[in-house]
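Beneath this line is the structure, given in structure tokens, with notes to follow.
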Amino acid sequence: MYLAGEKWAARFEDFQQEAWRLETLPQYLMPQEEKEFAAFLSGRRADPYAVSNEYTERLRRQAAAGRVQGRVHVVNRPLTDYLRFEFSQYYAPHALAGEQIRILDVTGRDNPLAGAQDFWMFDRTEVVLMNYHPDGRQINREVHEGHTSRFIEYQRIALAESVPFEEYVKGLDV
């Protein structure tokens, strides 16, 4: 089953304890980000403390209710322009709003999650595979049919091998 629109959005409203994502790509080409990405490349930066939108407000409500949203992004240095954009424009304000973001830098070492694809996991009972073209254009979101144990193990490894976003970006120009 593929997810879009309201059925996809409902996953983020309906989870009980945890929504968690693994990101593995150096860029995501999302049409709705084109203008903001171009502005970033021209030097415009958002003040992460001033960002307030539907996403950050939902993160704050969830955190206040004890519901955790988190992610680990696997990266290599040098960071792509897109990753610098994502860190600055999204991760910084989202972390301030309560999202638990971590970075797994595999520069110069073996990737402990080699071969794992992007996914979201909800309450460790449902996995949604995030299918992308190699260049980062999204194909679809597909509900995984089967056990979640492999994805729970991916999460365990990702959390053990990564560092908090705030720690990772100290001293970086993003």
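The values are calculated or read from the model by the stated rules, or taken from the named source; none is laboratory data. A quick note: this is a predicted structure, and the numbers were derived from the prediction, not measured. Glycine gets a Cβ as well: all are built from the backbone with ideal geometry, and neighbour counts include every protein chain shown. Side chains included, ligands, DNA and RNA excluded: accessible areas come from the protein's heavy atoms. Shrake-Rupley method; radii C 1.70, N 1.55, O 1.52, S 1.80 Å.
In segment 138-158 there is at least one residue that is touching a Pro at 6+ places or on another chain (Cβ under 6 Å) and open to solvent by less than 50 Å² (accessible area, probe 1.4 Å). Residues that are farther than 30 Å from residue 46 by Cβ and among the basic types (Lys, Arg) within segment 88-134 comprise 109, 124, listed in sequence order. When every residue of segment 98-118 is checked against the conditions, none turns out to be free of Cβ contacts under 8 Å to residues at least 40 places away in the same chain, open to solvent by 50 Å² or more (accessible area, probe 1.4 Å) and part of a helix (DSSP H, G or I). Taking every residue in segment 18-44 that is modelled with pLDDT of 95 or more and pairing it with any residue that is part of a strand (DSSP E or B) and among the hydroxyl-bearing types (Ser, Thr, Tyr), at least 6 positions away or on another chain, the pairs with Cβ-Cβ distances below 7 Å are 25/132. The set of residues from segment 29-59 being open to solvent by 40 Å² or more (accessible area, probe 1.4 Å) and aromatic (Phe, Trp, Tyr) comprises 37, 49, 55. In a residue-by-residue description of segment 68-75, the property of being without any contact (Cβ under 8 Å) to a residue 12 or more places away in the chain, open to solvent by 40 Å² or more (accessible area, probe 1.4 Å) and either farther than 26 Å from residue 7 by Cβ or in contact with a Gly (Cβ under 9 Å, 6 or more places away or on another chain) (or both) applies to no position. Can you pull out every residue in segment 56-78 that is in contact with a Lys or Arg (Cβ under 9 Å, 6 or more places away or on another chain) and part of a loop (DSSP other than H, G, I, E, B)? Residue satisfying the conditions is 67 alone.
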